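Visitor: Input: one structure, supplied below.
The values are calculated or read from the model by the stated rules, or taken from the named source; none is laboratory data. Because the structure is a prediction, the values reported are computed rather than measured. All Cβ positions, even for glycine, are placed from backbone atoms using ideal geometry, and neighbour counts span all protein chains on display. Heavy atoms of the whole protein, side chains included, go into the accessibility calculation; ligands, DNA and RNA do not. Shrake-Rupley method; radii C 1.70, N 1.55, O 1.52, S 1.80 Å.
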Amino acid sequence: RKEVEQDPGPFNVPEGATVAFNCTYSNSASQSFFWYRQDCRKEPKLLMSVYSSGNEDGRFTAQLNRASQYISLLIRDSKLSDSATYLCVVSERGMTTDSWGKLQFGAGTQVVVTP
Amino acid sequence: GAGVSQSPSNKVTEKGKDVELRCDPISGHTALYWYRQSLGQGLEFLIYFQGNSAPDKSGLPSDRFSAERTGGSVSTLTIQRTQQEDSAVYLCASSLTGTQTQYFGPGTRLLVL
């Protein structure tokens, strides 16, 4: 079983609509959580960190459910430029430690926003 | 400022040959990571360097893989006796410290024939 699992999609989303997807992680000791974005044939880039209480960054909302061991990402008012693969990333170490060390990446969820 | 750079951008080699992949992290970044990404797959952690600490090599798939980081800056990932299953994109990332955002380089696309 993979440590971080994601629905590969693609999620086909009309422009302006809302899309949400989850990521599950198997290691209950996981403490730090992130969403990265990867455009086709490009390197991943940090989208946002995920905090215990949930957090928003503009049109993006991330939630963490420790009991069920999943994190979610919701994108509101989707733009064509949101088309990408979204990678879920998990670390065993907390954000207050001196190092996040080894990060576990999911295989990604592909989102395609259509006009 | 300059981002993470990697070279070569593409490498085609024959099975059994050795290859060296280079990563130049962002200046001043103390943490450096190597990952590989196979087609349609997520990133697979390979190795992590943090300052002067011993590297975390737990992700290296076999003893054919090794990496070093000289002078706390440039890193080289070496794959000996390459196999076809080594074909992938090898990504390097660096961060200011161990708990800051990782910035990725453009990757080296390795194809082993």
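Visitor: Among (1) more than 12 Å from chain A (Cβ to nearest Cβ); (2) closer than 23 Å to A:Gln6 by Cβ, there is one condition B:Leu111 misses while meeting the rest; what is its number?
Guide: (2)
Visitor: Report, by residue number, each residue of the stretch B:60-73 that is free of Cβ contacts under 8 Å to residues at least 24 places away in the same chain and either open to solvent by 30 Å² or more (accessible area, probe 1.4 Å) or farther than 17 Å from B:Arg22 by Cα (or both).
Guide: Let us first name the residues in the stretch B:60-73 that are free of Cβ contacts under 8 Å to residues at least 24 places away in the same chain, namely B:60-66, B:68, B:70-71.
Across the stretch B:60-73, the qualifying residues are B:Leu60, B:Pro61, B:Ser62, B:Asp63, B:Arg64, B:Ser66, B:Glu68, B:Thr70, B:Gly71.
Visitor: Also: Search the stretch A:85-112 for residues being open to solvent by 10 Å² or more (accessible area, probe 1.4 Å), at pLDDT 95 or above and over 19 Å from A:Tyr25 (Cβ atoms), and hand back the single one that is farthest from the other protein chains (Cβ to nearest Cβ).
Guide: Going residue by residue through the stretch A:85-112, those that are open to solvent by 10 Å² or more (accessible area, probe 1.4 Å) are A:85, A:92-93, A:95-98, A:100, A:102, A:104-105, A:107, A:110, A:112.
Still in the running and at pLDDT 95 or above: A:85, A:110, A:112.
Subsequent filtering for residues that are over 19 Å from A:Tyr25 (Cβ atoms) retains A:110, A:112.
Working: A:Gln110: 10, A:Val112: 15 Å.
Filtering first and then ranking leaves A:Val112.
Visitor: Taking only the stretch B:4-44 into account, find how many residues are in a strand (DSSP E or B), under 26 Å from A:Glu3 (Cβ atoms) and in contact with a Ser or Thr (Cβ under 8 Å, 6 or more places away or on another chain).
Guide: The number of residues fulfilling the criteria is 8.
Visitor: Within the stretch B:44-76, track down each residue that is within 20 Å of B:Ala88 (Cα to Cα) and more than 11 Å from the chain's Cα centre (by Cα).
Guide: Result: B:Lys57, B:Ser58, B:Gly59, B:Pro61, B:Ser62, B:Asp63, B:Arg64.
Visitor: Among B:Thr76, B:Thr101, B:Thr97, which is the only one that is open to solvent by 30 Å² or more (accessible area, probe 1.4 Å) and at pLDDT 95 or above?
Guide: B:Thr76
Visitor: Continuing with the same structure: Restricting the stretch B:26-44 to residues that are over 13 Å from B:Ala67 (Cα atoms) and touching a Lys or Arg at 6+ places or on another chain (Cβ under 9 Å), which is surrounded by the fewest Cβ atoms within 10 Å (Cβ to Cβ)?
Guide: Result: B:Glu44.
Visitor: Considering each of A:Arg37, A:Arg41, A:Arg76 in turn, give the residue that is more than 12 Å from chain B (Cβ to nearest Cβ) and either basic (Lys, Arg) or open to solvent by 80 Å² or more (accessible area, probe 1.4 Å) (or both).
Guide: Unique residue meeting the criteria: A:Arg76.
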